[in-house]
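Colleague: My questions all concern the structure below.
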Amino acid sequence: MDFILYFYGILISFLAIVVVLTLHEFAHAFVAYKCGDPTPKWNRRLTLNPLRHFDPTGLVCFALVGFGWAKPVPINPDNFKKYNKGLFLTSGAGIAVNYLFAFLIYPIFCVIDHYFPSDILLISEFLNQFTWLLFAYSLSFCVFNLLPFYPLDGFRLIEAYNKRRGKVYRFLRTYGYYILLGLIIESFICNVFVRFDIGFMRNFDILGWVMQFAIGIFGWPIRALWGLIPW
């Protein structure tokens with residue numbers, strides 16, 4: 001029974017990841033196209049088809065520890081009408097859409113949680129967990145992508161006004177991917193220890209602290225605003 005429940009949870013988690021990643025990458029492609037770059041359209045990324053956006057490594061990382069990435073949308077900043085503005089807006093589009101989606105999905109979670117308790121029907125339990133994960137993953141992906149490591153959006157935001165110069169830029173461009181993988185592996189190892197009741201390892205989970213920040217602090221304005229409604 002525990003085995004079935006485990007894979008049931010993995011399924012819900014995967015479905016939530018599909019929605020969050022697809023919206024994130026589509027936002028990048030759409031804004032880049034609107035800023036004058038047809039590259040995403042030529043590469044068939046101007047779509048809500050999730051299969052066009054998946055990165056296998058990033059998807060596995062997301063499923064294992066709740067952090068990961070999709071396949072970066074190819075762009076050519078030289079096509080932008082205004083280079084810096086276009087690159088900045090394109091880089092921040094995914095983050096903005098994730099936060100907006102978290103804002104919109106949270107009241108739906110509140111309605112389901114209040115009026116359709118998960119202990120009544122299986123479909124209620126599914127919707128309760130699914131909407132909560134959509135909210136949580138949207139926030140965590142939003143904050144996670146602000147980290148300044150290639151290929152995350154935080155790196156692209158730096159690139160927008162750096163024009164690929166400087167030692168810091170070159171370091172982040174060369175080693176950012178490996179630092180990112182190292183952080184994800186470290187988080188996964190900490191989670192394994194926690195599952196074996198070695199609870200103090202939770203204190204060393206760096207990305208775990210990011211998740212807590214995302215849901216706790218970054219999501220506080222959303223919860224506070226919708227909390228004004230007497231559900």
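Read-outs throughout are calculated quantities, based only on the coordinates presented, and are distinct from any laboratory measurement. Predicted, not measured: the structure shown is a model, and the values here were computed from it. Glycine also receives a Cβ, built like all others from the backbone with ideal geometry; neighbour counts cover every protein chain displayed.
Colleague: Using a Cα-Cα cut-off of under 22 Å, which lysines could be cross-linked to residue 41, ignoring same-chain neighbours fewer than 8 residues away?
Modeller: 71, 81, 82, 85
Colleague: Multiply the residue separation of residue 14 and residue 185 by 0.36 nm, subtract the distance between their alpha-carbon atoms, and state the gained length in nm to one decimal.
Modeller: On the way: separation 171, 0.36 × 171 = 61.56 nm, distance 1.90 nm.
Gain on stretching residue 14 to residue 185: 59.7 nm.
Colleague: Sticking with this structure for a sec: Positive end of the dipole of segment 131-231, charges at C-beta (+1 Lys, Arg; -1 Asp, Glu), about the Cα centre: which of 228, 203, 182 has its Cα farthest in that direction?
Modeller: So the residue we want is 182.
Colleague: Can you check what the net charge comes to around residue 71, using other residues whose Cβ is under 15 Å from the Cβ of residue 71 (Lys, Arg +1; Asp, Glu -1)?
Modeller: Local net charge: +1.
Colleague: Per Stokes-Einstein, at 4 °C and 1.567 mPa s, what whole-number D in µm² s⁻¹ belongs to the chain, with the Kirkwood radius over Cα pairs as the hydrodynamic radius?
Modeller: 69
Colleague: Can I ask one more? Normalised by the residues of the chain, what does the relative contact order come to in percent, with Cα pairs under 8 Å and at least six apart?
Modeller: 19
Colleague: Something else about it: Taking a quarter of the surface of the Cα convex hull of segment 175-222, what do you get in nm²?
Modeller: Its Cα hull, projected and averaged over all orientations, spans 4.0 nm².
Colleague: Here's a follow-up. Which of the aspartates and glutamates could a cross-linker bridge to residue 34, judged by Cα under 13 Å and excluding same-chain residues fewer than eight apart?
Modeller: none
Colleague: Assuming R0 = 45 Å, what is the FRET efficiency of residue 4 and residue 213, from their Cβ-Cβ distance, to the nearest 0.05?
Modeller: Values: r = 33 Å, r/R0 = 0.73.
It comes to 0.85.
Colleague: What nm distance separates the two modelled labels at residue 100 and residue 202, each placed 7 Å from Cα along Cα→Cβ?
Modeller: Each label point is offset 7 Å from its Cα along the Cβ direction, giving 3.5 nm.
Colleague: Rounded to the nearest 500, what is the 222 nm mean residue ellipticity of the chain from helices alone, with -39500 (n - 2.57) per DSSP H run of 4+ residues and division by all residues?
Modeller: Helices in the chain give a 222 nm mean residue ellipticity of -22500 deg cm²/dmol.
Colleague: If you don't mind, another one. Could you sort 84-91, 137-144, 208-215 so that the peptide with the highest average Cβ count within 10 Å comes first and the rest follow in order?
Modeller: Put in order of decreasing packing, that is 137-144, 84-91, 208-215.
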